[in-house]
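Accompanying notes for the structure given below.
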Amino acid sequence: MREIDERTSLTSNSMFELLVFRLGEAPGTDRRELFGINVFKVREIMVMPQITAMVNAPPSVMGIANVRGEMIPVVNLAAITGCNPTKGLGILLVTEFARTTQAFAVEEVNEIVRLEWKHVLSAEGHGGGLVTSIARLDGSAENTRLAQVLDVEQILRDVFPQQHKGIQEDDVIPQFHLPPGTIILAADDSAVARMMIEEGLKAMGVPYIMTKTGKEAWDLLQAFSTQAVAEGKTVRDKVAVVLTDLEMPEMDGFTLTRNIKQDLRFKAIPVIIHSSLTGSTNESHVKSVGADAYIAKFVADELAATIRDVLKR
């Protein structure tokens, strides 16, 4: 519990811890690149147990492992990324992510690195379809080591499409109206998460603006505030709700929420945390930074109900 409290307190300084691992030689090279995942998503790290192959399992699923009596699917991350694990896949990362538990087979775990979010830069537009961001492991140092932060939401949607479906034709999504002239401002660094959020908000019939980082959302709030003052209004006349992920490059959701709630211009705007970092520890910390609600990704009708409840309050 002391370790959890210590890691949780990092967010007050816009910091987090990244578990760094390798998957083998990168495609077409003999380099063994570094990859990363937020420590808060990792429930357990263990030596590879016996894997039971499953009939008709997806190609990248090695089978299931019996971990303390729980049957957990094991995903071959090396196969997904195209890496060649010359040392074999000897380590299992058991993770909790967006209401699901799964394990990822990796070649080796290297270290846990404590980072500021400003040293994590968006990878979008740089050719890494399964990578949300690039972490500079040695801060701003020249020739710093780089780790690719994987888009686990995209990976799980690709591997288990039936478990991570978007909105279906027969889904009934509650609709509602925002105050006239206002929008929902949303922020998420995962392309697949943004797509699912946009599908949900469209189904609800509400106007929105989608951003890719907390910093982008924060900059937009500044612009809305300036525009509102020029029109003799408040920023609340333009933004009804802020919907934000927690893990984002440059500025995370904790920092964005804290900035909003500590600024007299914005503190009246409700903030909803919409995150794959599930669990009571994260939910408690969300409340401590002033968020008005917390909801785990991704169930559209639950999201609609949460937005409606926050607006009523």
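Structure notes:
- The residues of region 81-137 expose on average 41 square angstrom of accessible surface per residue, using a 1.4 Å probe on protein heavy atoms.
- Cα-only radius of gyration and Dmax that characterise the chain, units Å: 20.2, 66
- For region 195-313, the relative contact order comes to 23 percent (Cα pairs under 8 Å, sequence separation of at least 6).
- For Arg145, the residues 5 or more places off, or on other chains, whose built amide H falls under 5 Å of its own are Leu137, Asp138.
- Length-normalised contact order of the chain in % [C-alpha pairs under 8 Å, at least 6 apart]: 15 percent
- Annotation: amide H of Leu243 within the under-5 Å range of Leu185, Ala186, Ala187, Ile272, sequence separation 5 or more or interchain, hydrogens built in the peptide plane.
- Highest to lowest packing among 231-240, 52-61, scored as the average C-beta count within 10 Å: 231-240, 52-61
- Backbone phi angles across region 131-139, fed through the Karplus curve with coefficients 6.51, -1.76 and 1.60 (θ = phi - 60°), yield HN-Hα couplings of 10, 7, 7, 10, 9, 8, 5, 10, x Hz in residue order; Gly and Pro are listed as x.
- The residues of region 194-313 expose on average 40 square angstrom of accessible surface per residue, using a 1.4 Å probe on protein heavy atoms.
- The order of the peptides 300-308, 175-183 by mean Cβ neighbours within 10 Å, most packed first, is 300-308, 175-183.
- DSSP beta bridge pairing in the chain, given as percent antiparallel to the nearest 5: 65 percent
- Across region 263-277, coupling constants 3J(HN,Hα) worked out from phi with the 6.51/-1.76/1.60 Karplus curve, θ = phi - 60°, read 9, 4, 5, 10, 4, 7, 6, x, 10, 10, 7, 10, 9, 8, 7 Hz, and Gly and Pro carry x.
- Other-chain or far-sequence residues with amide H under 5 Å of Glu25's (modelled H): Asn84, Thr86
- Calculated P(r) of region 196-244 - Cα pairs past 14 Å, %: 56 percent
- Rounded to the nearest whole Hz, the Karplus-based 3J(HN,Hα) values (6.51 cos²θ - 1.76 cosθ + 1.60, θ = phi - 60°) of region 181-192 follow the sequence x, 9, 9, 9, 9, 10, 9, 7, 8, 8, 4, 5, with x at glycine and proline.
- Neighbours of Ile269, meaning other residues whose beta-carbon lies under 10 angstrom from its beta-carbon, give a summed charge of +3 when Lys and Arg score +1 and Asp and Glu score -1.
- Whole-percent carbon and sulfur share, accessible surface of the chain, 1.4 Å: 50 percent
- Full extension of the segment from Glu231 to Lys87, taken as 0.36 nm per residue of separation minus the current Cα-Cα distance, would add 45.5 nm.
- At R0 = 30 Å, FRET efficiency that the Cβ-Cβ distance of Glu199 and Met46 yields, to 0.05: 0.25
The values are calculated or read from the model by the stated rules, or taken from the named source; none is laboratory data. Not measured: the values here are computed from a predicted model. Here the Cβ is made from the backbone with ideal geometry for all residues, glycine too, and neighbour counts use every protein chain on show. Heavy atoms of the whole protein, side chains included, go into the accessibility calculation; ligands, DNA and RNA do not. Shrake-Rupley method; radii C 1.70, N 1.55, O 1.52, S 1.80 Å.
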